[in-house]
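Chemist: Please see the structure below; I have some questions.
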Amino acid sequence: VLAKSTDLAVGETKGYKSGNTFFVTRSSSGLSAVDETCTHQGCAVELSGKELHCPCHGSSFMAADGKVINGPATRSLKSYVVKDVDGNIVITL
Ligand code: FES
């Protein structure tokens with residue numbers, strides 16, 4: 001369990017720490033989650049609006065699906081199954 005479902009509104013992305021930090025986005029089509037670990041060399045990305053930016057070499061990713069916007073990273077952030085279960089946001093690792 002990462003948080004209460006009510007903690008995240010439609011259109012929002014927030015980071016939740018559970019070991020790693022996972023960035024969870026709630027869109028009109030549901031929840032998605034990506035890992036904080038940059039696929040370039042493993043730094044932790046940071047949330048900036050709808051994007052995740054890596055402070056080490058400047059890669060950026062879409063928060064909603066982890067896809068690369070700008071390199072040097074070439075691979076998407078790792079994504080996870082995340083659902084609302086009994087009023088909680090639950091991630092499957
Ligand atoms: Fe993220 Fe290099 S580790 S851009």
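Computed from the coordinates by the stated procedures, all read-outs in this text should not be read as laboratory data. This structure is a prediction, so every number in the text was calculated from the model and none was measured. Backbone-built Cβ (ideal geometry, glycine too); neighbour counts: all protein chains shown.
Chemist: Using r as the Cβ-Cβ distance of SER29 and ALA3, and R0 as 22 Å, what FRET efficiency do you calculate, to the nearest 0.05?
Modeler: It comes out at approximately 0.70.
Chemist: Please report Rg (one decimal) and Dmax (integer) in Å for the Cα set of segment 7-93.
Modeler: Rg, Dmax (Cα atoms, Å): 12.3, 40.
Chemist: Using only Cα atoms, what is the ratio of the radius of gyration of segment 46-93 to 2.2 N^0.38 Å?
Modeler: 1.34
Chemist: What is the extension gain from LYS17 to CYS43, computed as 0.36 nm multiplied by their sequence separation minus the C-alpha to C-alpha distance, in nm to one decimal? Present the calculation step by step, with values, prior to reporting the outcome.
Modeler: Values: separation 26, 0.36 × 26 = 9.36 nm, distance 1.55 nm.
Working it through step by step, the gained length comes to 7.8 nm.
Chemist: While we're on this one: Based on the Cβ-Cβ distance of TYR80 and CYS56, what FRET efficiency does E = 1/(1 + (r/R0)^6) give at R0 = 25 Å, to the nearest 0.05?
Modeler: It comes to 0.65.
Chemist: Quick check: residue separation of ASP65 and LEU93 times 0.36 nm, minus the Cα distance between them. What number comes out in nm?
Modeler: The ASP65-LEU93 span can extend by a further 8.5 nm.
Chemist: Count charges around ILE89 for me, please; just the other residues with Cβ under 10 Å from its Cβ, Lys/Arg as +1, Asp/Glu as -1.
Modeler: +2
Chemist: Something else about it: How about LYS78: which aspartates and glutamates have a C-alpha closer than 18 Å to its C-alpha, ignoring those fewer than 8 places off in the same chain?
Modeler: Excluding near neighbours in sequence, the set is ASP35, GLU36, GLU46, GLU51, ASP65.
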